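J.: Structure in structure tokens, see below.
The values are calculated or read from the model by the stated rules, or taken from the named source; none is laboratory data. Computed from a predicted structure; not experimentally measured. Cβ sites come from the backbone with ideal geometry, for glycine too, and all protein chains shown count toward neighbours.
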Amino acid sequence: MAELGEELRRERVRRNLTFKDIEQVLHIKTKYLEAIEDGNFNHIPGNVYAKGFIRNYGNYLGLDGDRLVKEYQHSIGEVDTFTVRPVMRQKSESTVGDVQSEYVEHQMAKKRMSLETRQVKRQRSIVQERIILTIILILMGLFLIWLFFL
């Protein structure tokens, strides 16, 4: 974890930034920034906050915040809980890359379908509105005929 903090410290010093400068921009307390650089993550309220602080701090310094978070997770032994669920399986022996690409294709198709579905619904609602407007105009015409001619 010291490597992570050292990398952040070197970049901060290279850019001539103080903790106060960073605190004003990122709204992360100085004591947390110092704890990150020193590798004392037990001073930060929780892992979620630590990951967010590291990501934002790294990105602000022009580093890859996601890479820094992965280093932090690796150093504390946290397992990445994100799993790719195979949504569409065409083959029983598919590799992870195949499953991921099928999942992405499925999500894209789902978005395209939802766009088409929205367009169909919009067309239906326009037709329904025209029918209702026509009925209202006919009823108004009948009322006016009844009012003036009967």
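J.: Just a yes or no: is a residue in region 91-101 under 21 Å from the mean Cα position of the chain (by Cα) and either within 30 Å of residue 6 (Cβ to Cβ) or at pLDDT below 75 (or both)?
T.: The initial filter retains those residues of region 91-101 that are under 21 Å from the mean Cα position of the chain (by Cα), namely 100-101.
Still in the list and also either within 30 Å of residue 6 (Cβ to Cβ) or at pLDDT below 75 (or both): 100-101.
Yes, region 91-101 contains at least one residue that is under 21 Å from the mean Cα position of the chain (by Cα) and either within 30 Å of residue 6 (Cβ to Cβ) or at pLDDT below 75 (or both).
J.: Considering (1) surrounded by 12 or more Cβ atoms within 10 Å (Cβ to Cβ); (2) modelled with pLDDT under 90; (3) under 22 Å from residue 19 (Cβ atoms), say which one residue 46 fails and leave the rest.
T.: Result: residue 46 fails condition (1) only.
J.: Need pairs with beta-carbon distance below 7 Å; first residue surrounded by fewer than 19 Cβ atoms within 10 Å (Cβ to Cβ) and within region 57-73, second not in a helix (DSSP H, G or I); sequence gap 6+ or separate chains.
T.: 73/80
J.: Next question. Tell me the residue from 28, 22, 54 that is surrounded by 18 or more Cβ atoms within 10 Å (Cβ to Cβ), at pLDDT 90 or above, β-branched (Val, Ile, Thr) and closer than 17 Å to residue 71 by Cβ, please.
T.: Of 28, 22, 54, the one residue that is surrounded by 18 or more Cβ atoms within 10 Å (Cβ to Cβ), at pLDDT 90 or above, β-branched (Val, Ile, Thr) and closer than 17 Å to residue 71 by Cβ is 54.
J.: From 39, 62, which residue is touching a Ser or Thr at 6+ places or on another chain (Cβ under 9 Å), among the small types (Gly, Ala, Ser), at pLDDT 70 or above and on the phi > 0 side of the Ramachandran plot?
T.: 39
J.: Moving on to the next point. Just to be sure before I move on: is residue 16 assigned to a loop (DSSP other than H, G, I, E, B), at pLDDT 90 or above and surrounded by fewer than 17 Cβ atoms within 10 Å (Cβ to Cβ) in the structure I sent?
T.: Numbers: assigned to a loop (DSSP other than H, G, I, E, B): yes; at pLDDT 90 or above: yes; surrounded by fewer than 17 Cβ atoms within 10 Å (Cβ to Cβ): yes.
So residue 16 passes the test.
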